[in-house]
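Colleague: Structure below; questions to follow.
Every number in this text was worked out from the coordinates using simple rules, so none of it is lab data. The structure presented is a predicted model; accordingly, all values stated were derived computationally and were not measured. Heads up, the Cβs are rebuilt from the backbone with ideal geometry, glycines too, and the neighbour counts pull from every protein chain shown.
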Amino acid sequence: MKYIKIKLPEKSFTMSQSHVHEIQGSVKFDDLSSSSHNHRFVTITEEATPVGLNDHVHEVVFRTDFINGHYHEYHGRTFGAIPVGDRHVHFLEGVTSTNNNHNHKFRFVTLIDNSIE
């Protein structure tokens with residue numbers, strides 16, 4: 001198989017990049033009927049967006065895995081930083097897109113920032 005190599009235009013950033021967070025989890029269908037199922041997802045947040053004087057949030061976009069003939073999407077934003085020792089995490093809760101006549105609620109915490117340092 002041949003791959004086509006393309007050159008993307010360079011981006012100019014007005015703000016220096018700081019950090020992102022890894023996120024992995026699952027969303028569950030809380031109906032106890034036979035259609036009950038869950039979806040998994042994994043993603044990386046966008047770069048930090050400053051809010052207020054000393055805090056920041058991250059935009060989050062993900063698509064779940066494909067189960068029972070459908071998937072779900074989510075576009076949203078984390079809450080502010082939650083200190084964990086000398087690092088931090090972020091909380092996020094929301095509702096996925098409606099597909100196959102239902103959606104999924106979820107709550108999770110991002111993985112710690114710069115976990116290998």
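Colleague: Considering only the stretch 73-114, state which residues are more than 13 Å from Gln24 (Cα to Cα), in a loop (DSSP other than H, G, I, E, B) and β-branched (Val, Ile, Thr).
Modeller: Thr78, Thr96, Thr98, listed by residue number.
Colleague: Can you tell me which residues in the stretch 61-72 are exposed (fewer than 13 other Cβ atoms within 10 Å of the Cβ) and in a strand (DSSP E or B)?
Modeller: Val61
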